[in-house]
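Undergrad: This structure is in C-alpha cells; I'll ask about it shortly.
Just so it is clear, none of the values below were taken in a lab; they were calculated from the coordinates. The shown structure was predicted, so the numbers you read here are calculated from the model rather than taken from an experiment. Using ideal geometry, Cβ is built from the backbone for each residue, glycine included, and neighbour counts are taken over all protein chains shown.
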Amino acid sequence: MLPCAAPLLRLSMPSAHTGPAMLGAARLSVKATELVVPPGGVQAYELPDALADPSADADAFYGVEREVYSKRTAKVFQPAKATTSSGKLVSTKWRVTFPAPERWTNALMGWTSTRDPVSNIALDFNSLEQATAYAEAMGCKYEVVKPKAYRVKPKSYSDNFVYRGPKLNKKPAP
C-alpha cells in the first residue's frame, strides 16, 4: 500500500470588475491563493494494491477489461504538430491508438462508420516507455512508429535579404 495525502487549496475568484471573469460567458478564472492544512493535520490514506501496481490487476487500475484489448495491435507514435504552431513541445508526447479493423462509408450521409468504439480512443503519454508499458499492461501487441528526424538547413541570417532577381526563361537564338 502507498500512503497518500490530500491537502486542500483555498481558491479565490476575481470579481466581475477586476478579473477576467465574464458575466454571461462560460469562462471563469480561479487561482489558488494559499495551501490550507486542516486543524488535525493532513490525513494519510492507503491506496488499494491494484492502484499501487498497475501490472497486478490492469482491469481494476484502468477500468477496462483486458479482453477488449487482447486481440488488438496498438499503434504507438508521436503525433505531428499542428501547422499553426511553431514550437516543438507537442511533438514530445507519445500517442497510443487502436486502429479499427473495418470501416465503411455511410450511404446516406457519407460519414465514415465503424462498429468498434475502441477505435476512437487516443491516449497521450509523456514518454515511449510509458506508452509501451500501458500496452503491455493491457495485454495487447503494439507497433512503434519512430518519428522522422527533423533537420535544419544551416544558413546565415543575411541569406534572408539576398536579392536573387526574377527568373528569366531564356530561349536560344534561332
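Undergrad: Show me the ranking of peptides 98-106, 79-87 by mean Cβ neighbours inside 10 Å, starting with the highest.
TA: Packing proxy ranking, top to bottom: 98-106, 79-87.
Undergrad: Step through the table entries Lys81/Lys141; Lys71/Lys148; Lys75/Lys141; Lys81/Lys155; Lys75/Lys148; Lys93/Lys153, compare each Cα-Cα distance with 19 Å, and write down the pairs that go over it.
TA: Lys81/Lys141; Lys71/Lys148; Lys81/Lys155; Lys93/Lys153
Undergrad: Hey, another quick one. So between Asp116 and Leu128, what do we pick up on full extension, going 0.36 nm a residue minus the alpha carbon distance?
TA: Computed gain between Asp116 and Leu128 is 1.8 nm.
Undergrad: Let me know the Rg and Dmax you get for segment 91-174 when you use only its Cα atoms, in Å.
TA: 24.6, 76
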